[in-house]
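The values are calculated or read from the model by the stated rules, or taken from the named source; none is laboratory data. What you see is a predicted model, and the numbers here were worked out from it, not measured in a lab. Here the Cβ is made from the backbone with ideal geometry for all residues, glycine too, and neighbour counts use every protein chain on show. To get the accessible areas, we keep the full protein, side chains included, count just its heavy atoms, and leave off ligands, DNA and RNA. Shrake-Rupley method; radii C 1.70, N 1.55, O 1.52, S 1.80 Å.
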Amino acid sequence: MSLLKILIFPDTRLRTVADPIGSIDNSIKKLSQDMLETMYAGNGVGLAATQVNIHKRLVVVDVSEEKNDPLILVNPEVEILNFEKNKIYAEGCLSVPGFYEEIERPNMIKIKATSIEGKKINLKAEGMKSIVLQHEIDHLDGKMFVDFLSNVKRQRIRQKLLKQKKKKKI
Ligand code: GNR
Ligand code: NI
């Protein structure tokens, strides 16, 4: 297993729309394990392949307390079940380190995906798991949680992260 490098906002590669995965070969299986390792190492609850500069539709999630319930989703698709019921949650992102902002999203969703073994997955989610799954699938479409913030807030985050990046290079 190997740790992968995570792209940091405002890296434009985070805006790439990922391609569907045609066949789940060994490179995809290895990538999913490396993504899980990278997610756990960063104390994250989810990670999309986009964040490690692989533009394929693959996400990993683990919202369990014990960090022992990994979920790997190939070509995940989200369906909103109830547009009325929203949830406000303080979101963070491994690609936006150090920033947490309250974001409002639909609470109840259905996910269709393929498992890493190639089987069909259908699941319903609400609460934190629903939020994280929507956050991950957004990454595959080149979207990020900062897009939901005001321009002023997003520019402030952008400037701070660019400054940190510059500092590290000295
Ligand atoms: O680790 C993460 N925590 C989190 C908290 C609230 C809402 C979404 C997330 S996902 C994030 C990891 C990440 O960046 N996934 O893309
Ligand atoms: Ni993220």
Taking the stretch 92-145 and the residues there that are acidic (Asp, Glu) and more than 10 Å from the chain's Cα centre (by Cα), the one that is nearest to Val17 (Cα to Cα) would be Asp141
So the check is Cβ under 8 Å with 6+ separation or different chains; which pairs have a first residue in the stretch 114-138 that's farther than 22 Å from Glu84 by Cα and of a type in the set (Phe, Trp, Tyr) and a second one that's within 16 Å of ligand 1 (Cβ to nearest atom) and at pLDDT 95 or above? none
Please find, among Leu73, Leu47, the residue that is under 12 Å from the mean Cα position of the chain (by Cα), crowded, with 16+ Cβ neighbours inside 10 Å and more than 23 Å from Asp147 (Cα to Cα). Leu73
Out of everything in the stretch 1-18 that is over 15 Å from the mean Cα position of the chain (by Cα) and open to solvent by 90 Å² or more (accessible area, probe 1.4 Å), what residue ends up being farthest from Met144 (Cα to Cα)? Met1
Expected output for the stretch 77-106 (first residue among the hydrophobic types (A, V, I, L, M, F, W, C), partner open to solvent by 90 Å² or more (accessible area, probe 1.4 Å), Cβ below 6 Å, 6+ apart or cross-chain) is Ile88/Glu102; Ile88/Glu104; Ala90/Tyr100; Ala90/Glu102; Ile103/Phe148
